[in-house]
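First comes the structure, then the notes that go with it.
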Amino acid sequence: MINERVRFAPSPTGFLHLGGLRTALFNFAFCKKYSGKIILRIEDTDQSRKVDGAVTNLIESLNQCDVTFDEGPHVGGEFGPYFQSQRLDIYSTYYKKLLENNDAYIVFNDEDPNLDYRKRRYQDVKKRMIDQKFVVKLRIPRNELISFFDELRGQIEFDSNLLKDPIIIKSDGYPTYHFANVVDDHEMKISHVIRGEEWLPSCPIHVLLYKYLGWYLPKFTHLPLLLNSDKSKLSKRQGDVAVESYLKKGFLPSALINFVSLLGWHPSDDTEIFSMNEMIKNFNIEKIQKGGAVFDLEKLRWMNGVYIKKMDYSYYIKFLKKHDLSIDKKKTEIIFEIVKERSLTLLEMLEESKIFVNDLDFKNDDFKVLNSQSSQLIFKYVNDNIASVDFNSLIDIATFINQISETLEIKGKDLFFPLRLAIYGKSKGPEIPRIMEALGRDETEGRIARVLVNV
Ligand code: GLU
């Protein structure tokens, strides 16, 4: 039996990208479905692109999105080290093997890069390598078709003449991505490579390396590109792509997981809303699409709204605490019910909640409405009769509102707009009785007193 072993292999060059989260999620779902293992490997061989704190950040973002690892730099494992920069001796064994077999060759730093060194033999330059800097290049055969199988795309063939001999070891002694990636996938016994389509053009080089080193190929799946709505490749230039910033903006991890899973994949029954566990249960590589997947922010906002409506009360309490918003316990529950229906993100929820706690901030135009004769009649009526209303009963509050309407003969929005503006700061919004219930008697009374002009 093959043990499914997959890996997520980011380069620590910044924040976790939405595309990275998708790759991690698909690998995670695949491995969980088959009770395999998922490995985190840090591909940090490009020392110039390394960013401090990137690895911690990455693990934190993945953790928040419930992607955890069986092996990796933070949890250990029998195939470590899991930082490529700590595996130089392993790469060295294998590049020497390639050199010895004449599948790779040396180019020294001071040599004319336009000359052809393909015929050079390792034995002849071994001595020079001791005190001269060099790179190691892989010898790509001429006039050959390099073919491999992609689980989504089927058999793929590449004309070897279109490939240039790539550098596999740089002059600083570090391997390049291609070489380290292949050596590690083999050494770490990776059975399935699931990664973004941008790596498809590199795959023939990897396939050659496997062949030269006499290793079995893992199964390859290249995930469709993520696109902006104008079909260009999703990038920082057109908006946020960092998972962390979506979490900061108030997108719930569960919504983000659900949304990102649908970028290029869907369950067979086409359900749109599902949990990570449901995704794992339904995950299957055949349901991944080949064409690019468009990132639609509006859809993400909609989906987040769905999750906010299902959100746990305890989560809301924690969230308020984090933002130093303290609300009376009894009121919090009512406010929670109101704001979760009206918000698409946690930040919107926070702003909505603040309306019930902080002083309202009126604009000049608001005073035109608040100071009108009819509005003042309403406020006066509320002020004079509020004492008799039972604020524990939504029905009683609603009856009171009807009473205002009947007594003053002010109906519909002529009544609701100014009243809502006075106690909620906006003329449109939740039902007035619900606002009043959430505010309670004292706060409602205080807000009305504030807009009442004494004559
Ligand atoms: N280090 C590559 C990246 O940053 C990994 C690509 C692969 O999975 O082979 O995406």
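The values are calculated or read from the model by the stated rules, or taken from the named source; none is laboratory data. Computed from a predicted model, the values in this text were never measured in an experiment. Every residue, glycine among them, receives a Cβ derived from its backbone with ideal geometry; neighbour counts consider all protein chains shown.
Please work out which residue is nearest to the ligand (Cβ to nearest atom), limiting yourself to the range 22-35 and to residues that are touching a Gly at 6+ places or on another chain (Cβ under 9 Å) and within 25 Å of Val183 (Cβ to Cβ).
Thr23
Scan the range 10-21 and give yes if some residue there is modelled with pLDDT of 95 or more, more than 16 Å from the ligand (Cβ to nearest atom) and within 21 Å of the chain's Cα centre (by Cα), otherwise no.
no
On the basis of being of a type in the set (A, V, I, L, M, F, W, C), within 12 Å of the ligand (Cβ to nearest atom) and in contact with a strand residue (DSSP E or B) (Cβ under 9 Å, 6 or more places away or on another chain), does Ile169 make the cut?
The answer is no for Ile169.
As an exercise: evaluate Glu272 against (1) of a type in the set (D, E, K, R); (2) free of Cβ contacts under 8 Å to residues at least 60 places away in the same chain; (3) in a helix (DSSP H, G or I) and give the number of the one condition it does not meet.
Evaluating Glu272 over (1) of a type in the set (D, E, K, R); (2) free of Cβ contacts under 8 Å to residues at least 60 places away in the same chain; (3) in a helix (DSSP H, G or I) leaves (3) as the failure.
Looking for whichever is in contact with a Gly (Cβ under 7 Å, 6 or more places away or on another chain) and β-branched (Val, Ile, Thr) here; the options are Ile355, Ile410, Ile423, Ile395. Which one fits?
Step by step, each of Ile355, Ile410, Ile423, Ile395 is checked, and only Ile355 is in contact with a Gly (Cβ under 7 Å, 6 or more places away or on another chain) and β-branched (Val, Ile, Thr).
When the residues of the range 384-402 are filtered to those that are β-branched (Val, Ile, Thr) and in contact (Cβ under 8 Å) with a residue 40 or more places away in the chain, which remaining residue is nearest to Val453 (Cα to Cα)?
Ile386
Yes or no: Lys426 surrounded by fewer than 14 Cβ atoms within 10 Å (Cβ to Cβ) and part of a loop (DSSP other than H, G, I, E, B)?
Yes: the conditions hold for Lys426.
Give me the pairs: first residue in the range 239-263 and farther than 19 Å from Pro224 by Cβ and touching a residue at least 24 places away in the same chain (Cβ under 8 Å), second residue of a type in the set (Phe, Trp, Tyr) and in a helix (DSSP H, G or I), beta-carbon distance under 6 Å, and six or more apart or on different chains, which are they?
Leu252/Tyr307; Ser254/Tyr307; Ala255/Tyr307
In the range 308-356, which helices (runs of 4 or more DSSP H) lie fully inside it and hold 1 or more residues that are of a type in the set (Phe, Trp, Tyr)?
Ranges flagged: 313-322, 329-342.
Name the pairs whose Cβ atoms lie under 8 Å apart, with the first residue in the range 278-293 and farther than 17 Å from Ser254 by Cα and touching a residue at least 40 places away in the same chain (Cβ under 8 Å), the second among the polar types (S, T, N, Q) and crowded, with 18+ Cβ neighbours inside 10 Å, and 6 or more positions between them or separate chains?
Here the result reads Ile285/Thr221; Ile288/Thr221, each pair linking the range 278-293 to a residue that is among the polar types (S, T, N, Q) and crowded, with 18+ Cβ neighbours inside 10 Å.
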